[in-house]
Amino acid sequence: MLETINLSKTFKEKKAVDEIDIYLDDGESVGLLGPNGAGKSTTISMISSLLKPTSGDVKLNGKSTIKDPSEIRKVLGVVPQEIALYEELSAYENLHFFGKIYKVKKGFLENRIQEVLDMVGLKDRQNELVKTFSGGMKRRVNIAAALLHHPKVLILDEPTVGIDPQSRNHILETVRKLNEDHGTTILYTSHYMEEVEQLCDRVYIMDHGKVVASGSKDELLSILSSEDTIQVQLSKSSDNLLEAIKAMKPVRRVDETSDGIRIISKKDSSILNNLVHAAEKEGIQITHFQLEVPSLEDVFLHLTGKSLRD
Amino acid sequence: MYPVFMAQWMKDKRKPYIILLFIGLSIIATLIFGDIDRIEQTTAMVYSTEPNAEAVEEKWLEGLNGHETIDFIISDKEEAHEQVAEGAIDVAIHLMENDYRLITSSDMPNIQIVEQYVHKVFTEEAQLEAAAGDGNTEKLRSELDSYLENPPIQVQTESIDGGEIPNYDMGMQLLFGFTLFIAMFTIGFKVNGISGDKVSGIWNRLILSPVSKTNMYIGHLLYSFCVGFLQMLIVFLIFHYVMGYDLGNLSMILVITAVFTLSMVSVAMLITGIVKTPEQFNMVYPSLIPMIPVISGVYMLPGTISNPVLQFIGDMFPLSHGVEAMTDVALFDAGWNDIALPIALMLLIGVFSMGIGINMVERRK
Ligand SMILES: Nc1ncnc2c1ncn2[C@@H]1O[C@H](COP(=O)(O)OP(=O)(O)OP(=O)(O)O)[C@@H](O)[C@H]1O
Ligand SMILES: [Mg+2]
């Protein structure tokens with residue numbers, strides 16, 4: 001129902017978003033993953049009609065939203081990356097204000113405010129000023145403000161950065177319920193792989209303004225099916241051994257971890273033997289050995305060369 | 001528009017101190033600086049220690065009484081000295097048959113005025129007595145008085161249209177000047193709320209809502225207007241009804257206030273457009289605004305600033321026009337025709353600044 005076609009944005013010389021194609025089907029929950037500066041927020045701004053693309057298009061049910069954004073604005077709820085609230089007002093007053101702005105009918109507004117407050121679990125704190133709230137509570141009000149007008153599509157831009165686990169769980173639970181119980185279509189942006197794994201049917205991975213991979217969790221994991229991740233613990237660390245492993249043919253990369261080394265290698269049965277021999281030669285014992293099942297985190301690392309969290 | 005307006009009001013309702021402070025400041029500044037050329041009433045105690053003290057006191061008191069701002073009261077030496085020593089009065093005068101001494105504990109400007117005046121009275125009396133010689137001083141005095149009632153040369157000052165020339169009341173100019181000047185701060189900080197909303201992301205939420213952009217601006221600007229206007233209204237009402245200042249035709253003053261506020265909201269919008277962030281505005285605006293009354297000559301008698309460049313810069317801001325129109329109404333009973341030009345100029349400044357300002361704010365991203 002909502003799709004982008006060759007969507008691009010260039011700021012001065014910098015290509016922030018580079019010809020991306022994304023689509024959202026009705027009732028789907030889709031994740032948009034990417035490291036800092038990947039272009040996630042810029043993409044969201046263009047989808048939500050706040051920013052004009054340099055080229056490309058955004059279509060809602062086949063109709064371009066760029067000339068006339070009124071349709072998409074009606075169906076959209078946007079939770080911005082920043083806390084877009086009046087800190088000097090209470091949670092209730094903020095919601096009342098945004099409810100009026102979104103023209104929620106007078107008779108329904110009061111009920112609706114209590115409903116969304118309930119969803120984000122702040123009903124009993126509604127009369128306190130937002131500036132006295134913790135970061136997590138502010139984020140929850142920030143989400144509530146985007147829900148007042150029953151949006152069909154909810155776009156959340158990193159709604160869980162820098163908050164306590166309790167608030168985070170609450171937010172994830174709220175989003176899940178919106179998607180599963182109310183049929184709200186979700187576009188969820190995050191740095192955190194496990195959130196996206198938990199919430200989303202499909203995932204787009206962005207880096208340097210481009211979509212570098214997309215698909216369901218299994219599809220993404222299959223990218224790594226030709227590789228093994230091996231976690232090894234050694235009796236002592238040794239640069240010589242590290243070099244020897246790196247020199248092995250199927251090995252793609254070797255990283256030192258807190259308790260040993262991690263090897264990413266093409267699937268190859270000879271690797272285990274070679275590893276044992278190399279260690280023996282250096283007089284080092286392998287104390288622990290584990291063949292890891294790849295995670296989306298590994299997919300991300302593989303695609304972008306960056307860890308998700310900085 | 002209405003919710004935007006109300007949200008601003010709810011924010012301020014919780015902390016109205018700044019506005020109250022500004023209202024107080026407008027009044028205090030006018031009282032402190034506006035009274036410079038108004039001399040307060042001074043009391044001087046007079047006494048004599050001559051044997052015929054009463055006669056001496058009576059004789060001089062007759063000549064001395066008649067000054068607008070100095071009251072002379074008869075007392076005795078001890079009492080007068082004590083009062084001066086305590087600072088209850090500024091000056092006492094020891095009267096003698098043909099001479100006097102001033103007793104004072106400080107050298108304040110009003111003592112010089114007393115001294116000049118007493119000196120004049122004594123000199124005139126001495127001249128009169130010298131002219132009368134051995135003759136009758138009293139007779140000469142009454143002859144002189146009746147002669148002066150119909151003097152040979154009569155000078156009369158008329159204004160160009162034949163009316164009387166009232167004294168230019170600098171205090172009134174400062175009253176309007178300070179009140180408008182301080183309101184410029186209030187207005188500016190409120191208009192800056194637009195930038196604040198943009199930075200916080202609230203503005204984006206409004207854009208995505210069914211509220212039109214025009215209504216978003218009007219909500220903010222109307223609120224800035226109302227707060228600025230209300231602040232000045234309260235100050236003027238206090239001056240007019242509580243403190244007994246005569247502001248002339250109050251409804252005309254309020255119309256000028258409204259036009260000035262409108263114009264100043266626009267200028268603040270222009271400055272909002274020029275600077276990049278609300279923080280920058282909070283630095284630039286308070287450093288720029290205090291220069292405007294100086295350049296506009298609000299602290300000086302009209303006509304003091306003759307540098308055409310400064311005059312031109314001053315005229316680009318609504319302050320000089322607003323103060324001019326208000327003093328014209330308050331001091332010279334100006335009618336609508338007389339203040340049409342400053343009002344038109346303020347509106348012109350308003351239209352231009354608003355147009356350019358909103359354009360610049362919209363273009364910034
Ligand atoms: N208004 C702008 N002017 C110039 N460059 C911009 C602007 N907005 C974003 N950029 C640049 O575009 C790139 C993408 O930014 P964007 O905010 O979309 O990234 P992001 O994926 O949301 O990152 P983050 O995880 O930090 O929020 C960045 O390099 C950023 O510096
Ligand atoms: Mg972002």
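The values are calculated or read from the model by the stated rules, or taken from the named source; none is laboratory data. For clarity, every value in this text was computed on a predicted model and none was experimentally measured. As a convention, Cβ positions derive from the backbone with ideal geometry for all residues, glycine included, and neighbour counts pool all protein chains shown. Accessible surface areas use protein heavy atoms only, side chains included; no ligands, DNA or RNA. Shrake-Rupley method; radii C 1.70, N 1.55, O 1.52, S 1.80 Å.
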(request) Output the number of the condition that residue B:309 fails; it satisfies all remaining conditions of (1) open to solvent by 70 Å² or more (accessible area, probe 1.4 Å); (2) within 22 Å of the chain's Cα centre (by Cα). (result) (2)
(message) Just the residues that are outside any loop (DSSP other than H, G, I, E, B) and away from ligand 1 (no atom under 15 Å from the Cβ), please, taken from the stretch A:27-50.
(response) A:29, A:30
(request) Would you mind telling me which numbered condition in (1) farther than 17 Å from residue B:6 by Cβ; (2) facing chain A (nearest Cβ under 9 Å) residue B:187 fails? (result) (2)
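Quickly run through the stretch A:1-11 and pick out the residues that are within 14 Å of chain B (Cβ to nearest Cβ) and more than 16 Å from ligand 2 (Cβ to nearest atom). Outline the logic, then answer.
Filtering the stretch A:1-11 down to residues within 14 Å of chain B (Cβ to nearest Cβ) leaves A:9-11.
Answer for the stretch A:1-11, where residues must be within 14 Å of chain B (Cβ to nearest Cβ) and more than 16 Å from ligand 2 (Cβ to nearest atom): just A:10.
Just name the residue that is nearest to the other protein chains (Cβ to nearest Cβ) out of those in the stretch A:81-101 that are open to solvent by 30 Å² or more (accessible area, probe 1.4 Å), within 21 Å of residue A:128 (Cα to Cα) and touching a residue at least 12 places away in the same chain (Cβ under 8 Å).
Pass one, the stretch A:81-101, residues open to solvent by 30 Å² or more (accessible area, probe 1.4 Å): A:81-83, A:87-88, A:92-93, A:96, A:100.
Checking the rest, the ones that are also within 21 Å of residue A:128 (Cα to Cα) come to A:82-83, A:87-88, A:92-93, A:96, A:100.
Pick out the ones that are also touching a residue at least 12 places away in the same chain (Cβ under 8 Å) and you get A:83, A:87-88, A:92, A:96.
Details: A:83: 7, A:87: 8, A:88: 5, A:92: 11, A:96: 8 Å.
Top of the filtered list is A:88.
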(message) Restricting to the stretch A:122-166, count the residues that are assigned to a helix (DSSP H, G or I), away from ligand 1 (no atom under 16 Å from the Cβ) and either charged (D, E, K, R) or not assigned by TED's automatic domain parsing to the domain that holds residue A:200 (or both).
(response) 6
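Filter the stretch A:17-50 down to residues that are within 14 Å of another protein chain (Cβ to nearest Cβ) and touching a Lys or Arg at 6+ places or on another chain (Cβ under 7 Å), then give me how many there are. Steps first, answer last, please.
Going through the stretch A:17-50, the residues within 14 Å of another protein chain (Cβ to nearest Cβ) turn out to be A:41-42, A:44-50.
Cutting the leftovers down to touching a Lys or Arg at 6+ places or on another chain (Cβ under 7 Å) gives us A:42, A:46, A:49.
Final tally of qualifying residues: 3.
For the stretch A:61-78, which residues satisfy the criterion of being closer than 17 Å to residue A:151 by Cα and more than 14 Å from chain B (Cβ to nearest Cβ)?
Of the stretch A:61-78, the ones closer than 17 Å to residue A:151 by Cα are A:61, A:65, A:69-78.
Within the stretch A:61-78, A:61 is the sole residue that qualifies.
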(message) Between B:314, B:322, B:303, which is farther than 25 Å from residue B:216 by Cβ and exposed (fewer than 14 other Cβ atoms within 10 Å of the Cβ)?
(response) B:303
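Just one of B:55, B:29, B:80, B:44 is closer than 30 Å to residue B:176 by Cβ and either small (Gly, Ala, Ser) or within 14 Å of chain A (Cβ to nearest Cβ) (or both); which is it? Step through it out loud before you land on a result.
Working: B:55 fails: closer than 30 Å to residue B:176 by Cβ; B:80 fails: closer than 30 Å to residue B:176 by Cβ; B:44 fails: closer than 30 Å to residue B:176 by Cβ.
None of the others qualify; the one that does is B:29.
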(request) Return a yes/no flag: does the stretch B:255-267 have any residue that is in contact (Cβ under 8 Å) with a residue 40 or more places away in the chain and within 14 Å of another protein chain (Cβ to nearest Cβ). (result) no
(message) Quick check on my filter: what residues within the stretch A:12-26 are part of a loop (DSSP other than H, G, I, E, B) and within 13 Å of ligand 2 (Cβ to nearest atom)?
(response) none
(message) Quick check on the stretch B:11-28. Is at least one of its residues surrounded by fewer than 17 Cβ atoms within 10 Å (Cβ to Cβ), in the same structural domain as residue B:114 (by TED's automatic domain parsing) and part of a helix (DSSP H, G or I)?
(response) no
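To keep it simple, each residue is scored yes or no on (1) among the hydroxyl-bearing types (Ser, Thr, Tyr); (2) surrounded by fewer than 11 Cβ atoms within 10 Å (Cβ to Cβ).
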position: B:66; (1), (2): no, yes
position: B:75; (1), (2): yes, no
position: B:80; (1), (2): no, no
position: B:84; (1), (2): no, no
position: B:92; (1), (2): no, no
position: B:100; (1), (2): yes, no
position: B:104; (1), (2): yes, no
(message) Can you pull out every residue in the stretch A:102-120 that is touching a His at 6+ places or on another chain (Cβ under 9 Å) and either facing chain B (nearest Cβ under 9 Å) or not in a helix (DSSP H, G or I) (or both)?
(response) A:102, A:103, A:104, A:120
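In the list B:7, B:55, B:85, B:29, which residue meets the criterion of being at pLDDT 90 or above and on the phi < 0 side of the Ramachandran plot? Don't jump to the end; show me each part of the working.
On the way: B:55 fails: at pLDDT 90 or above; B:85 fails: at pLDDT 90 or above; B:29 fails: at pLDDT 90 or above.
So the residue among B:7, B:55, B:85, B:29 that is at pLDDT 90 or above and on the phi < 0 side of the Ramachandran plot is B:7.
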(message) I'd like the residue in the stretch B:199-213 that is more than 7 Å from chain A (Cβ to nearest Cβ) and free of Cβ contacts under 8 Å to residues at least 24 places away in the same chain and, out of all such residues, is most open to solvent (accessible area, probe 1.4 Å).
(response) B:213
(request) Check the stretch A:126-146 and report whether any residue there is at pLDDT below 95, acidic (Asp, Glu) and either on the phi > 0 side of the Ramachandran plot or open to solvent by 20 Å² or more (accessible area, probe 1.4 Å) (or both). (result) no
(request) Those residues that are open to solvent by 40 Å² or more (accessible area, probe 1.4 Å) and either within 16 Å of ligand 2 (Cβ to nearest atom) or assigned to a loop (DSSP other than H, G, I, E, B) (or both), I need them from the stretch A:51-80; list them, please. (result) A:52, A:54, A:61, A:62, A:66, A:67, A:68
